[in-house]
Every structure is written in structure tokens, then in C-alpha cells.
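A.B. asks: Below you will find the structure I want to go over with you.
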Amino acid sequence: MKEDDVYRMIATQKPGKDHPLDPAEGPVSPEVQRRAVNPPCLGDIPVPDGYAHVTGDCGDSMEVFLGIQDRRIREARFDTLGCGFTLACGSVAMEKAEGKTIAEAMRIEAAEIAQALGGLPDTHEHCAELAVETLKKAVQDYLFRGKEPWKKLYRNR
Ligand code: FES
């Protein structure tokens with residue numbers, strides 16, 4: 001998703017409870033606001049070593065793309081059809097994952113994401129859970145594909 005798309009998505013969200021950064025849902029931290037309009041690590045990796053696409057109960061979805069060498073995450077990118085909180089959570093999750101071993105990445109918790117953002121409204125805690133779940137599924141995909149590396153070229157994204 002390009003930066004223009006992010007602005008368009010935020011601009012076209014309905015006001016009310018579906019608005020991505022609706023102040024009625026509680027205070028929105030400056031860090032969430034910053035990342036919602038300019039999320040670091042938004043993008044993809046053309047031929048990832050690990051990949052996952054997860055749709056949460058709310059209907060929002062996230063994709064995670066991992067570049068992994070020697071069982072360490074060298075590059076982590078995400079894309080989402082989700083709200084501003086999801087953009088913020090995805091970007092923090094990717095930054096936390098980069099440089100970590102896959103074992104360390106599997107221990108990243110949703111609470112850490114929320115804390116790094118200065119807190120999330122109760123109604124958007126699941127955005128952090130979606131980011132963490134998608135990251136962990138991408139690591140699992142890497143482990144699964146590692147047994148049959150040739151399948152990486154035939155991945156159905
Ligand atoms: S509102 Fe569901 S993931 Fe953000």
C-alpha cells in the first residue's frame with residue numbers, strides 16, 4: 001500500500017466507531033497518529049522467505065513478508081486492509097521483529113506493541129493481536145517452507 005493510499009483510506013473511513021482514529025474511542029497517542037499516516041515497514045518483499053495473510057474477527061486483514069537468513073529476520077514488511085491502529089501496530093511489530101532470531105520473534109507479545117505505541121483503546125487491542133499473529137504465522141511459514149525450499153518459488157500469495 002502506497003502512502004497516498006494510506007491517506008485515502010484514512011480520509012474515506014466513516015466517522016463513528018469505524019473511524020480509524022476516532023477520539024471517541026479514547027485518547028490516541030501521538031505515536032499511533034504518527035504511524036497511522038506514515039507507517040514504517042509498510043510494503044512487501046517480492047520473494048519472501050516467510051509469508052502470512054491473516055484476517056481477524058473484525059474483518060481487517062494483514063500480510064507479513066519476512067526476509068530471513070541463518071534463522072534471523074533481516075527484513076520484515078507488512079501490508080494491511082485495516083484501520084489506522086492496525087497500520088501503527090503492524091509497523092511496530094515489523095520493527096521489533098527485524099534483527100531478531102525466529103525464536104525471539106515468536107516471543108513478541110501484543111502487549112509490547114501496545115506499550116510501544118503509548119497504549120491502545122480497549123476497542124483496538126485486537127489490532128496488536130492481529131499484527132503479532134500474522135508475524136508468527138509468517139515465521140511458521142518459513143519453518144514449514146524451509147523443509148522444501150523450492151516451494152518458495154511457487155508460493156501462492
Ligand atoms: S480494527 Fe480490527 S485490526 Fe484494527
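The values are calculated or read from the model by the stated rules, or taken from the named source; none is laboratory data. What you see is a predicted model, and the numbers here were worked out from it, not measured in a lab. Cβ: placed from backbone, ideal geometry, glycine included. Neighbour counts: every protein chain shown.
Quick grid of which residues meet (1) at pLDDT 95 or above; (2) loosely packed, with under 14 Cβ neighbours inside 10 Å; (3) away from the ligand (no atom under 16 Å from the Cβ):
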| site | (1), (2), (3) |
| --- | --- |
| F78 | yes, no, no |
| C83 | no, no, no |
| G90 | yes, no, no |
| M94 | yes, no, no |
| I102 | yes, no, yes |
| E112 | yes, no, yes |
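A.B. asks: Could you tell me whether the range 3-26 includes any residue that is away from the ligand (no atom under 13 Å from the Cβ), among the aliphatic types (A, V, I, L, M), at pLDDT 95 or above and surrounded by fewer than 14 Cβ atoms within 10 Å (Cβ to Cβ)?
C.D. replies: no
A.B. asks: Could you tell me how many of the residues in the range 117-135 are in contact with a helix residue (DSSP H, G or I) (Cβ under 7 Å, 6 or more places away or on another chain), within 12 Å of the ligand (Cβ to nearest atom) and part of a helix (DSSP H, G or I)? Lay out the reasoning, then the answer.
C.D. replies: Let us first name the residues in the range 117-135 that are in contact with a helix residue (DSSP H, G or I) (Cβ under 7 Å, 6 or more places away or on another chain), namely 117-118, 120-121, 123-125, 127-132, 135.
Still in the running and within 12 Å of the ligand (Cβ to nearest atom): 120-121, 123-125, 127-132.
After this cut, where a residue has to be part of a helix (DSSP H, G or I) as well, the list is 123-125, 127-132.
The number of residues fulfilling the criteria is 9.
A.B. asks: Quick check on D122: is it more than 19 Å from G146 (Cβ to Cβ) and surrounded by fewer than 15 Cβ atoms within 10 Å (Cβ to Cβ)?
C.D. replies: For D122, the condition - more than 19 Å from G146 (Cβ to Cβ) and surrounded by fewer than 15 Cβ atoms within 10 Å (Cβ to Cβ) - is met.
A.B. asks: Here is a follow-up. Out of the range 54-70, which residues are surrounded by 15 or more Cβ atoms within 10 Å (Cβ to Cβ) and more than 9 Å from the ligand (Cβ to nearest atom)?
C.D. replies: V54, E63, V64, F65, L66, G67, I68
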